[in-house]
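Inspection log for the structure reproduced underneath, given as structure tokens.
The values are calculated or read from the model by the stated rules, or taken from the named source; none is laboratory data. Quantities reported herein were computed from a predicted structural model and do not represent experimental measurements. Cβ atoms come from the backbone with ideal geometry, glycine included; neighbour counts cover every protein chain shown.
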Amino acid sequence: MNVDDELLKEFLIESSESLDQLDRDLVALEENPRDAQRLSSIFRTVHNIKGICGFLGFVKLGAIAHSGEHLLGKLRDGSIDLDERVTGALLSFVDTVRVILGAIERTGGEGDGDYRDLAQSLAVIAEEAAAARARGGDIVVTRLAPPPAAPAPVAVAPAPSAPPVAQHPQSTQPVSQPEPPAAPDPVPTAAPVSPPAAAAVAKPAGRSAAVPVAESAIRVDVGLLGSLVDLVGELVLARNQLQATVRRLSATAGGEDSELLKVAHRIDSVTASLQSAALKTRMQPIDQVFNKFPRLVRDLAVGCGKDVQLSIHGADTELDRSLIETIRDPLTHLLRNAVDHGIEPPQTRVERGKPAAGKLALRAFHESGQVTIEITDDGGGIRVDAVREKAVARGLVSAEQAALLSDERVFQFIFEPGFSTAATVTNISGRGVGMDVVRTNIEAIGGTVELDSRPGVGTTVRVRIPLTLAIMPALIVHAGGQRFAIPQAAVRELIALGSSRSAAFIEGLEGAPVMRLRDRLLPLVFLRGLLAIGAGSAVPVPGVGAPASGTVVVLRVDSQEFGLVVDGVARAEDIVVKPIAKVLVALGVYAGATVLGDGDVVLIMDPRGVAQAARIPARPGDESLAAAAPVAARPRYLVCETGRGRRVAVPLEDVQRLETFPRERLEEAAGRLVAHREGHLLALADIDAMVQGAPEPISGPVTAVILPPARGEVGLRVRRILEVVEPSLPLDPALAAAGLLGTVVIEGRAMEVLDVRGALSSPAPRLLAGAVPR
Amino acid sequence: MIAAADGRAGPGGEPAMRCCAFQVAERWFAIDASRITEVLREQRTTPVPLAHPAVRGLLNLRGRIVPVIDMRTRLGLAMATDTADGAGRTNIVIEVEDEAFSLLVDRLADVVEIPLRSIEPPTTADRPGQDAIDGVWPTRFGLMHLLDTGRLVAGIAAATAERKAR
């Protein structure tokens with residue numbers, strides 16, 4: 001490859017990213033025309049493209065870029081104002097540059113399209129606008145009028161000979177076509193696999209500078225990355241087995257510092273680093289899809305004569321790259337539906353007492369080990385009765401059955417194939433064009449789609465997709481002699497039963513076991529009972545047969561919170577989620593399976609499925625937006641018992657997780673107690689030593705409260721975890737002392753609160769110094 | 001479907017089907033050999049609560065999670081005394097619609113060429129668990145039952161769906 005080829009490749013990769021950024025910047029600029037910084041950034045980007053064109057000898061592209069730069073220059077020096085016509089022209093300009101770049105990428109040449117019209121119209125707009133301004137005339141086109149130079153809908157891989165650019169304003173097609181959305185990327189098949197470092201982390205401001213992105217980016221086949229991740233997953237399991245074997249061997253041989261042990265440690269840590277690096281290659285922020293949407297929605301809105309404000313939340317939510325590609329089309333389709341059918345025309349909205357501009361919100365967040373994406377509009381909504389009638393008319397249900405169905409269930413009919421032809425959709429003011437395709441695509445990757453709507457208020461479509469390909473933090477529990485994994489994302493807290501106090505908290509409410517947790521009643525599900533395993537599988541009689549021991553795993557799914565009673569919690573572990581046969585998924589309570597370090601297969605529970613199987617009622621009056629999980633107004637504390645039997649409270653915000661280390665994973669190093677954990681050494685501090693007094697000698701497994709990484713890789717050694725409390729009175733700092741923040745009153749008793757941060761940030765960490773077991 | 005199976009010439013030049021024969025509860029069965037991906041000894045499995053009784057558990061096949069179908073239960077041939085247990089049964093791993101399943105059988109026999117002409121319609125299709133029998137082939141050891149792998153799995157899926165609906 002010669003120097004020119006290198007430069008060309010670099011240019012193509014960089015330009016394609018720059019153009020995406022231009023799209024976003026232009027739409028943003030339309031919202032805020034006075035953003036001089038953004039305007040400068042746009043100008044620089046175009047200027048760079050022009051410069052490189054001259055160097056590489058791309059005459060047409062150079063000419064177009066020059067016209068664009070000229071228009072932008074007028075904008076920048078303030079001689080014209082940004083209005084819809086100018087924005088439209090600039091967006092057309094971006095599209096044309098894309099088309100030409102696509103041609104260059106495919107053929108090496110600029111194609112035989114003739115773009116002089118566009119160059120000219122850009123120049124004309126620049127001059128006219130300047131002239132109009134000089135006259136003091138009003139050139140501001142109202143937002144809703146079809147712009148003279150509105151861009152054509154982004155076409156499928158436009159042929160270079162037929163530029164889809166709006167050379168003739170009247171040729172603008174209706175944007176609301178019912179067919180599946182076109183891929184907006186004019187560079188077919190060979191879209192660059194931008195590593196997160198280049199694509200995600202780079203800030204818009206830095207993007208326009210001529211940093212050669214291609215130097216730090218290579219193209220890698222996604223399938224290859226997939227098999228790499230799979231192999232690393234296998235390596236992790238083999239590593240775990242190796243560790244177990246080495247421990248056994250060294251225990252019998254008695255050689256503590258054998259070569260074997262050292263090599264095993266080395267393999268251990270390298271594997272852990274390799275695993276996290278391999279996974280990162282596949283994880284991408286959802287922004288990869290979302291970043292095309294401002295432009296899409298803007299074009300759709302203009303095309304439909306609507307005014308739509310799109311807000312995007314959670315664009316940094318990461319998910320597997322292959323899933324990103326799969327959700328692109330369904331999401332595009334849902335947005336199209338929302339703009340086209342959901343949001344009313346401005347006039348209608350005003351008549352209905354709503355703001356003229358419709359609101360469209362796109363949210364992404366992690367929930368229960370899944371990624372949830374919500375598309376919410378404040379449009380006309382869907383009349384559930386209309387859907388019900390339609391379902392009866394189409395013979396999907398009888399009238400009697402339909403009357404009994406919940407609204408939620410009725411809305412599911414919208415996803416039935418052919419449920420809504422274009423005509424009927426308009427009748428029910430809504431959705432349905434191709435919704436079955438959306439559902440099929442989402443379900444193909446193991447996801448779900450739900451729709452919720454209220455007439456006149458709006459519609460929310462909720463897409464949930466699993467992280468099947470990802471590594472997931474999970475809690476390993478046991479029940480009925482078997483182990484199960486529970487996704488950590490759904491776990492809110494753990495409550496140990498067994499103390500006589502907590503057992504009394506299990507009561508009956510109309511026959512269903514519940515537990516009084518702080519100020520509310522928590523429905524309980526007994527895992528043994530649910531799965532019909534182990535002895536005493538029957539659900540105990542409330543209030544009488546409450547189990548004498550066990551742990552309540554408090555799970556939150558959507559707006560529901562419930563307690564899953566298990567026999568015990570083994571530990572937290574990062575697991576590789578493996579798919580299970582469809583016939584087992586159909587049972588509804590398993591999300592998959594995983595292989596633990598000892599080679600055993602363990603089923604992963606699906607918290608949502610468990611809630612459904614146990615018929616946990618949704619909490620009334622709860623916000624449906626689980627995204628806005630309510631932040632506890634009052635601080636909560638984890639109450640632990642130390643080795644010396646003293647009870648202390650740790651602020652829950654300082655706790656990452658709880659973990660128990662077997663004796664063989666504990667070691668004294670440099671006078672400190674450390675635990676081996678996935679290739680790392682974790683320092684364990686003793687709470688007694690932190691406050692005052694000597695730590696308890698180690699005799700068996702050690703339970704530790706692991707602090708978030710921001711507090712240093714440290715665990716606090718405790719004897720027992722007792723409960724999580726939410727005291728009604730605030731912390732009283734009057735009794736603050738060495739290592740203590742103060743006291744809180746819990747059920748009438750004062751309890752010391754550990755000053756975790758203070759102790760860890762002191763120059764010679766007191767709590768580490770005291771961690772030596774004697 | 002045996003009729004749709006890839007007919008190939010047997011020893012006598014007539015169309016035949018290559019099958020793998022095995023024993024379950026002292027009866028003979030056979031499946032299309034091309035479905036088989038590998039054969040393993042009986043392995044430790046993880047039970048799947050609530051699953052169809054024939055799903056004995058999950059097997060870790062080099063990182064792939066494979067459900068093990070106990071063919072005695074699946075074919076409704078549970079023996080009064082579980083004599084063969086511990087003596088080591090055999091897992092026949094098959095591929096059905098891109099998913100792997102393992103059939104746990106008592107004893108694996110040979111690969112046999114079954115002449116399509118001599119396959120007769122099943123006689124025991126009405127017996128519970130034997131919905132997957134596609135045909136029979138009389139041999140000198142007794143009747144060889146030809147099984148359809150797709151229906152072996154589909155029968156379990158159908159029973160699961162039915163129980164869930166109730």
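In table form, for the structure just shown:
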{"item": "Enumeration of residues in the range B:32-48 that are crowded, with 18+ Cβ neighbours inside 10 Å and either in contact with a Phe, Trp or Tyr (Cβ under 9 Å, 6 or more places away or on another chain) or of a type in the set (Asp, Glu) (or both)", "result": "B:32, B:42, B:48"}
{"item": "Failed criterion for residue A:240 (all others in (1) more than 14 Å from chain B (Cβ to nearest Cβ); (2) among the polar types (S, T, N, Q); (3) in contact (Cβ under 8 Å) with a residue 12 or more places away in the chain hold)", "result": "(1)"}
{"item": "Among (1) within 14 Å of chain A (Cβ to nearest Cβ); (2) assigned to a strand (DSSP E or B); (3) among the β-branched types (Val, Ile, Thr), the one test that residue B:112 misses", "result": "(1)"}
{"item": "Single residue of A:94, A:86 found to be over 17 Å from residue A:127 (Cβ atoms) and assigned to a helix (DSSP H, G or I)", "result": "A:94"}
{"item": "Residue list for the range A:59-86, filter: hydroxyl-bearing (Ser, Thr, Tyr) and within 17 Å of residue A:48 (Cβ to Cβ)", "result": "A:67"}
{"item": "Leading residue by the ranking (modelled with the highest pLDDT) among those in the range A:590-612 that are more than 7 Å from chain B (Cβ to nearest Cβ) and part of a loop (DSSP other than H, G, I, E, B)", "result": "A:606"}
{"item": "Test for residue B:119: is it farther than 15 Å from residue B:20 by Cβ, in contact with a Leu (Cβ under 9 Å, 6 or more places away or on another chain), among the β-branched types (Val, Ile, Thr) and touching a residue at least 60 places away in the same chain (Cβ under 8 Å)", "result": "yes"}
{"item": "Within the range A:1-29, tally of residues that are over 14 Å from residue A:101 (Cα atoms) and at pLDDT 80 or above", "result": "9"}
{"item": "Residue check for residue A:584: in contact with a strand residue (DSSP E or B) (Cβ under 7 Å, 6 or more places away or on another chain), surrounded by 15 or more Cβ atoms within 10 Å (Cβ to Cβ) and either at pLDDT 90 or above or within 11 Å of chain B (Cβ to nearest Cβ) (or both)", "result": "yes"}
{"item": "Filter result (in a helix (DSSP H, G or I) and exposed (fewer than 14 other Cβ atoms within 10 Å of the Cβ)) within the range A:57-83", "result": "A:59"}
{"item": "Qualifying residue in the range B:142-149 (condition: within 14 Å of chain A (Cβ to nearest Cβ), under 30 Å from residue A:585 (Cα atoms) and modelled with pLDDT of 85 or more)", "result": "yes"}
{"item": "Any hit, the range A:84-96, residues being modelled with pLDDT under 80 and under 35 Å from the mean Cα position of the chain (by Cα)", "result": "yes"}
{"item": "Wholly within the range B:1-70, strands (runs of 3 or more DSSP E) carrying at least 3 residues that are at pLDDT 90 or above, over 16 Å from residue B:112 (Cα atoms) and within 14 Å of chain A (Cβ to nearest Cβ)", "result": "B:55-61, B:64-70"}
{"item": "Helices (runs of 4 or more DSSP H) contained entirely in the range A:270-376, each with at least 1 residues that are under 22 Å from residue A:466 (Cβ atoms) and over 15 Å from the mean Cα position of the chain (by Cα)", "result": "A:321-337"}
{"item": "Strands (runs of 3 or more DSSP E) within the range A:699-759 that include 3 or more residues within 18 Å of residue A:683 (Cα to Cα) and modelled with pLDDT of 70 or more", "result": "A:702-706, A:714-718"}
{"item": "Hits in the range A:308-324 - residues which are surrounded by fewer than 18 Cβ atoms within 10 Å (Cβ to Cβ) and over 17 Å from residue A:371 (Cα atoms)", "result": "A:309, A:311"}
{"item": "So residue A:546, is it at pLDDT below 90 and either more than 12 Å from chain B (Cβ to nearest Cβ) or on the phi < 0 side of the Ramachandran plot (or both)", "result": "yes"}
